[in-house]
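J.: Have a look at this one before I ask anything.
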Amino acid sequence: MEENMAYSAVYTMFSTLMQPPERSTYNEIIAGRPVELWDAVPVHNGRKPCVPESWLPENFPSFEEWRAIYNQAMPPARPLLVPVESVHKVWTTDPSCEMPFARETGLLQGDPAHHLFQLYKDIGFELPLRYADSPDHLVLELEFMGVLVEEAEPSVQYTFLTQHLDWLPTVIAEAERKPVPELYLELLRWVEAFLVLERARLSSATG
């Protein structure tokens, strides 16, 4: 369906915008491609928010400035922003696990990561080397949701959305406290606003 392709394109767009800056992505932003994709998304429940001011072509920083902002927010060491599901949930909910850190947060490779690794393996979804230690990275979850929108029933989409894309408000709250650069804070808020609309759409579709 054409509608599904529009939703899938936005998931893919957000996944791309969360990745390290590339010149090709920058050119797309300056050409207004994200705005076009966003405008094409139909809304059946709720009100679609506007594209954040900082992500409009006329307000977007230069490529070099964008890369510097990204490196400020998500450098390899001591990043301000860690958009990984396991980090923001307890490591495991398995009552039989006796590890001393089992109920702690802030760790990689928790329950969500293991579940997603198996999901990806089952359908042949290739895990990029960059995210080998974090299959529950927001970049991958958004990309995977884009695949589900085109290939899976609404009930499957809704389950994934509610099980694995329910942690963004926690990230946003942490980003506001640190503070993360406004460009990425606005991007996270934009993604979450879309997910709110998607939950409503898929909830209605599944009855």
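J.: All but one of (1) farther than 23 Å from Met74 by Cβ; (2) crowded, with 17+ Cβ neighbours inside 10 Å; (3) modelled with pLDDT of 85 or more hold for Asp111, so report the exception by its number.
T.: (3)
J.: May I pose another question? Taking Ser54 and the conditions (1) surrounded by 17 or more Cβ atoms within 10 Å (Cβ to Cβ); (2) assigned to a loop (DSSP other than H, G, I, E, B); (3) modelled with pLDDT of 95 or more, which numbered condition does it fall short on, given that it satisfies the others?
T.: (2)
J.: For region 24-43, give me each residue that is over 14 Å from Pro57 (Cα atoms) and in contact (Cβ under 8 Å) with a residue 12 or more places away in the chain.
T.: Ala40, Val41, Pro42, Val43
J.: Might you let me know whether region 180-187 holds any residue that is among the aromatic types (Phe, Trp, Tyr), surrounded by 20 or more Cβ atoms within 10 Å (Cβ to Cβ), at pLDDT 95 or above and part of a helix (DSSP H, G or I)? Talk me through it step by step, then tell me what you get.
T.: Within region 180-187, the first condition is being among the aromatic types (Phe, Trp, Tyr), and the residues that meet it are 184.
Narrowing further to those that are surrounded by 20 or more Cβ atoms within 10 Å (Cβ to Cβ): 184.
Subset that is at pLDDT 95 or above: 184.
Narrowing the set further to residues that are part of a helix (DSSP H, G or I) leaves 184.
Yes, region 180-187 contains at least one residue that is among the aromatic types (Phe, Trp, Tyr), surrounded by 20 or more Cβ atoms within 10 Å (Cβ to Cβ), at pLDDT 95 or above and part of a helix (DSSP H, G or I).
J.: A further question follows. Just name the residue that is modelled with the highest pLDDT out of those in region 1-20 that are loosely packed, with under 15 Cβ neighbours inside 10 Å and not in a helix (DSSP H, G or I).
T.: Pro20
J.: Give the residues of region 157-178 that are in contact (Cβ under 8 Å) with a residue 60 or more places away in the chain and either in contact with a Lys or Arg (Cβ under 8 Å, 6 or more places away or on another chain) or surrounded by fewer than 14 Cβ atoms within 10 Å (Cβ to Cβ) (or both), sorted by residue number.
T.: Trp167, Lys178
J.: Could you list all residues from region 141-155 that are more than 20 Å from Val84 (Cα to Cα), in a helix (DSSP H, G or I) and among the small types (Gly, Ala, Ser)?
T.: The answer is Ser155, and nothing else.
The values are calculated or read from the model by the stated rules, or taken from the named source; none is laboratory data. In this text, all values refer to a predicted model and were calculated from it rather than measured experimentally. Because the Cβ atoms are built from the backbone with ideal geometry, glycine has one as well, and the counts that use them run over all protein chains shown.
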